[in-house]
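Participant: Quick one: this structure, given as structure tokens, is what I'll be asking you about.
Every number in this text was worked out from the coordinates using simple rules, so none of it is lab data. Keep in mind that this is a model prediction, so the values were computed, not measured. When we count neighbours, we look across all protein chains shown, and the Cβ atoms used for this are built from the backbone with ideal geometry, even at glycine.
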Amino acid sequence: MPRPALRPVFVVLFLVFSSASAFALLNPHEKPEPCLSCHTKTPTKEDGEAGNYFLLKDTIDDTCHVCHETTCCKPGSLHGSNHPSNIKNWDWKLFRRPKTLPLYDGYITCSTCHIHSEPDGPSYKMVRIVKIDGKKIDWTDLCTDCHTGY
């Protein structure tokens, strides 16, 4: 048992360390975005353009999966199996290089289809270039950016 004089020190240390770990659990998708939930340091615009994202994990997908692999993108889930991610090579007869969607070092990643921060306007699961009309969602522009024959 710590001496009574040391108790305030332990309380302060506990608060410091528990708030530091809690910061890492803040939702990076809500504004203002807590950058350090996904990045080891905040990348500048120039860093991003150079491909330096300072991610917590080795890839964009691995970083997203820190939280999302236990929910929507867990192994065997519909999203996890119906659309691959973290891939660089695909069948060019069925797919083409996206016209507007971003690739990262040539890879399709979570960020190819999803925006990482809350958009200013309407959104469905933070997916890029979908049209929303009431409860109807039009995926056409998103899908045909890569997929041919639609």
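Participant: For region 123-137, what are the residues that are surrounded by fewer than 13 Cβ atoms within 10 Å (Cβ to Cβ) and over 18 Å from the mean Cα position of the chain (by Cα)?
Facilitator: Once the filter is applied, which keeps residues that are surrounded by fewer than 13 Cβ atoms within 10 Å (Cβ to Cβ) and over 18 Å from the mean Cα position of the chain (by Cα), region 123-137 yields ASP133, GLY134, LYS135, LYS136.
Participant: Restricting to region 131-146, and then to whatever is touching a strand residue (DSSP E or B) at 6+ places or on another chain (Cβ under 9 Å) and of a type outside the set (Phe, Trp, Tyr), can you tell me which residue is nearest to CYS113 (Cα to Cα)? Show your work before the answer.
Facilitator: Let us first name the residues in region 131-146 that are touching a strand residue (DSSP E or B) at 6+ places or on another chain (Cβ under 9 Å), namely 131-132, 137-142, 146.
The next check asks that each one be of a type outside the set (Phe, Trp, Tyr); those that pass are 131-132, 137-138, 140-142, 146.
On the way: LYS131: 14, ILE132: 16, ILE137: 15, ASP138: 14, THR140: 13, ASP141: 11, LEU142: 8, CYS146: 11 Å.
My answer is LEU142.
Participant: In region 25-117, which helices (runs of 4 or more DSSP H) lie fully inside it and hold 1 or more residues that are without any contact (Cβ under 8 Å) to a residue 24 or more places away in the chain and exposed (fewer than 11 other Cβ atoms within 10 Å of the Cβ)?
Facilitator: On the way: elements: 45-49, 60-68, 78-82, 110-113.
So the answer is 45-49, 78-82.
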